[in-house]
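Engineer: Would you mind keeping the following structure in view while I ask a few things?
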Amino acid sequence: MSASHDPEFKASAIPMVKQHGRRVSEVAKNLGISESCPRGWIKQHDAAGAPAEERCMRAELVTEALSKAICQRKPGPGLIFHSDRGVQFASEAVREVCRDSGICRSMSGKGDCCDDAVAESFFGRMRLKN
């Protein structure tokens with residue numbers, strides 16, 4: 001396929017990532033295109049005023065990721081799930097997954113941007129070591 005793609009082709013690729021949660025690399029591979037193409041299209045789509053629900057992380061994304069992590073890792077009792085106060089993390093669906101799995105939720109304090117600093121510093125250092 002040529003470097004310029006028709007609008008329908010672009011429009012079909014964006015929902016694969018935005019609505020179906022597939023990785024950009026996976027979508028690009030399946031479509032036989034460079035990863036930079038769908039990444040650029042998504043940026044253009046978001047900048048062009050896509051509906052907020054398409055631009056923001058949805059609770060479904062969090063619950064799916066959390067459920068997948070629980071299935072793969074099989075955490076023991078006492079796991080703490082720390083997040084910011086985003087509506088997706090405060091949603092009933094996320095609370096339910098945590099409650100059903102025996103996970104203790106932890107959220108940053110309202111209006112306290114330094115509250116997350118310790119957790120973010122810890123995970124930042126973990127990433128550097130891996």
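The values are calculated or read from the model by the stated rules, or taken from the named source; none is laboratory data. Please read all numbers here as calculations on a predicted model, not as lab measurements. With ideal geometry, Cβ positions are generated from the backbone for all residues, glycine too; neighbour counts draw on all protein chains shown.
Engineer: Determine, yes or no, whether Ile42 is under 25 Å from Ala59 (Cβ atoms) and touching a residue at least 24 places away in the same chain (Cβ under 8 Å).
Structural biologist: yes
Engineer: Within segment 3-22, which residues are in a loop (DSSP other than H, G, I, E, B) and surrounded by 14 or more Cβ atoms within 10 Å (Cβ to Cβ)?
Structural biologist: Of everything in segment 3-22, those that are in a loop (DSSP other than H, G, I, E, B) and surrounded by 14 or more Cβ atoms within 10 Å (Cβ to Cβ) turn out to be His5, Arg22.
Engineer: Do you know which residues across segment 91-113 are of a type outside the set (Asp, Glu) and either modelled with pLDDT under 85 or outside any helix (DSSP H, G or I) (or both)?
Structural biologist: Ser91, Gly102, Ile103, Cys104, Arg105, Ser106, Met107, Ser108, Gly109, Lys110, Gly111, Cys113
Engineer: Restricting attention to segment 23-43, does a residue exist that is assigned to a helix (DSSP H, G or I), β-branched (Val, Ile, Thr) and at pLDDT 80 or above?
Structural biologist: yes
Engineer: Which residue is surrounded by the most Cβ atoms within 10 Å (Cβ to Cβ), if the candidates are limited to segment 96-106 and must be within 12 Å of Val62 (Cβ to Cβ) and in contact with a strand residue (DSSP E or B) (Cβ under 7 Å, 6 or more places away or on another chain)?
Structural biologist: Cys98
Engineer: Additional query: Looking at segment 14-43 only, could you name the residues that are at negative phi and of a type in the set (Gly, Ala, Ser)?
Structural biologist: Once the filter is applied, which keeps residues that are at negative phi and of a type in the set (Gly, Ala, Ser), segment 14-43 yields Ser25, Ala28, Ser34, Ser36, Gly40.
Engineer: Continuing with the same structure: Can you find even one residue in segment 73-85 that is in a helix (DSSP H, G or I) and at pLDDT 85 or above?
Structural biologist: yes
Engineer: Could you tell me which numbered condition Gln88 fails, if it satisfies all but one of (1) modelled with pLDDT of 85 or more; (2) surrounded by 11 or more Cβ atoms within 10 Å (Cβ to Cβ); (3) not aliphatic (A, V, I, L, M)?
Structural biologist: (1)
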